[in-house]
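Comments concern the structure below.
The values are calculated or read from the model by the stated rules, or taken from the named source; none is laboratory data. Nothing here was measured: the structure is a model prediction, and the numbers come from that model. A quick note on method: Cβ atoms are made from the backbone with ideal geometry, for glycine too, and the neighbour counts reach across all protein chains shown. SASA here: full protein model, heavy atoms, side chains in, ligands and nucleic acids out. Shrake-Rupley method; radii C 1.70, N 1.55, O 1.52, S 1.80 Å.
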Amino acid sequence: MVNFLHLSDFHIPNQRGDKRDNIDPFQKLDNLLEYAKKLELNPAFTIITGDLSDTGTQQSYKHVKEYIIEIQDLGGPVIPTTGTRDRRTNFSKILLGKSSQLKEPPCYYSKTIEDIHI
């Protein structure tokens, strides 16, 4: 059996202190990661589905990237995907290390981890 972690809808704004619907997304993720560390999870991979950024800016994705590094420390690679609030150009450039001249480049990829094609 393969264990994995699924996270979604970070909605990270441009800076700490900015809130979304009266909730601090940074604090929400900090609490989640603290809890996950206490559980001593060791996922084969983590998938993060959509709306990682709330604003689509490069700054918000830089914050997301910092969280991805923390999530990787739980175990396995992290596979981020786009959502409706994400901007593919900044997502691809900052999170996937791919740049493009297109306004909204395609943002799809796959990986195989422990015989599971994601």
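At-a-glance table
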item	result
Positive minus negative residues near VAL2 (Lys, Arg vs Asp, Glu; Cβ under 9 Å)	-2
Probe 1.4 Å - accessible area at THR112, Å² to nearest ten	90
Surrounding net charge for ASN14, when Lys and Arg each add one and Asp and Glu each subtract one, Cβ distance under 11 Å	0
Long pairs among LYS28/LYS103; LYS62/LYS98; LYS65/LYS103; LYS19/LYS65; LYS38/LYS111, criterion Cα-Cα beyond 26 Å	LYS28/LYS103; LYS38/LYS111
Residue of ILE69, ILE79, ILE12 that the Gaussian network model of the chain assigns the largest fluctuation, springs spanning Cα pairs under 10 Å	ILE69
Probe 1.4 Å, protein heavy atoms only - accessible area per residue of the chain in square angstrom	61
Equivalent ellipsoid semi-axes, the chain, via Cα gyration tensor eigenvalues times 5, rooted, Å	22, 20, 10
Residues whose placed amide H lies under 5 Å from that of VAL78, excluding near-sequence neighbours	THR46
The stretch 16-118: GluC sites (Glu not before Pro) in DSSP loop, at most 12 other beta carbons within 10 Å	GLU40, GLU114
Within the chain, helix-based [θ] at 222 nm, where runs of 4 or more DSSP H residues each add -39,500 (n - 2.57), nearest 500	-8500 deg cm²/dmol
Probe 1.4 Å - accessible area at HIS117, Å² to nearest ten	130
Net +/- balance of residues flanking ARG88 in space, Cβ distance below 12 Å, scoring K and R +1, D and E -1	+3
Rounded percent of accessible protein surface that carbon and sulfur make up, the chain, 1.4 Å probe	48
Listed residues ASN42, ASN90, ASN31, most fluctuating in the chain (Gaussian network, C-alpha, under 10 Å)	ASN31
Most fluctuating residue given options LEU95, LEU32, LEU52, as computed from a GNM of the chain linking Cα atoms under 10 Å	LEU32
